[in-house]
Amino acid sequence: MEKKINYFENPGAENTDKVIELVKERKEELGIENIVVASVSGLSSVKVLESMPDAKLVSITHHAGFRDGDEVELEAEYVEKLENANVPIYAGSHSLSGVGRGISNKFGGVTPVEIIAGTLRLFSQGVKVCVEISIMAADAGLIPTDKEVIAIGGTAKGVDTAVVLKSAHMSNFFDLRINEIIAMPRP
């Protein structure tokens, strides 16, 4: 089998529209229904929704307090659009850091989960995010683990990475399979 991977010269939001275009094409080719998107503000999820209104879309954002205080970083206008389209929005602890990051911040060192995250970042930040959000969505019961899904993630703002994968729950993390990389930035 021969497939194309799109590589971007730089990570970041300038790749968002192209990633969505490539995801739409791959979704149709493979007949994939479920798409999970990392979207801190909600904008990237809204863009995916507008491009693929037939997709079973899940929007994942940071947990409350990720940046400051007790706030979730979603913007009200995007939340309204997603809710009106019945798109689930999940704000929860990162599956590849969570309590481990708290331990490292307090006591130093690194946890095994942080090593996994660092290993995935060898490909790109977006690949790590795609794996992470698919586990979060699976653990919340928002995507299946017995079918391929497309996960879309990125670096800081917007999206620059998309993968086809079979997700897994946190408790059986090593059953997760990345089947294809659709797009990612070159390091």
task: Starting from residues that are touching a strand residue (DSSP E or B) at 6+ places or on another chain (Cβ under 8 Å) and within 14 Å of L49 (Cβ to Cβ), keep the ones in region 86-107 and report whichever is surrounded by the most Cβ atoms within 10 Å (Cβ to Cβ).
output: V87
- request: Report, by residue number, each residue of region 170-184 that is surrounded by fewer than 16 Cβ atoms within 10 Å (Cβ to Cβ) and farther than 19 Å from K27 by Cβ.
  value: M170, S171, N172, F173, F174, D175
message: Considering only region 47-61, I want to know if a residue exists there that is surrounded by 14 or more Cβ atoms within 10 Å (Cβ to Cβ), of a type in the set (D, E, K, R) and at negative phi.
response: yes
- line: Across (1) hydrophobic (A, V, I, L, M, F, W, C); (2) surrounded by 20 or more Cβ atoms within 10 Å (Cβ to Cβ); (3) assigned to a loop (DSSP other than H, G, I, E, B); (4) at pLDDT 80 or above, V110 clears everything bar (2)
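For (1) at pLDDT 95 or above; (2) within 21 Å of R26 (Cβ to Cβ), each residue gets a yes or a no:
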position: L120; (1), (2): no, yes
position: Q125; (1), (2): no, yes
position: C130; (1), (2): yes, yes
position: A137; (1), (2): yes, yes
position: G141; (1), (2): yes, no
position: D146; (1), (2): yes, yes
position: V149; (1), (2): yes, yes
position: K157; (1), (2): no, no
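The values are calculated or read from the model by the stated rules, or taken from the named source; none is laboratory data. Here the structure is a predicted model, which means the values were calculated and not measured. Here Cβ is always computed from backbone atoms with ideal geometry, including for glycine, and neighbour counts include all displayed protein chains.
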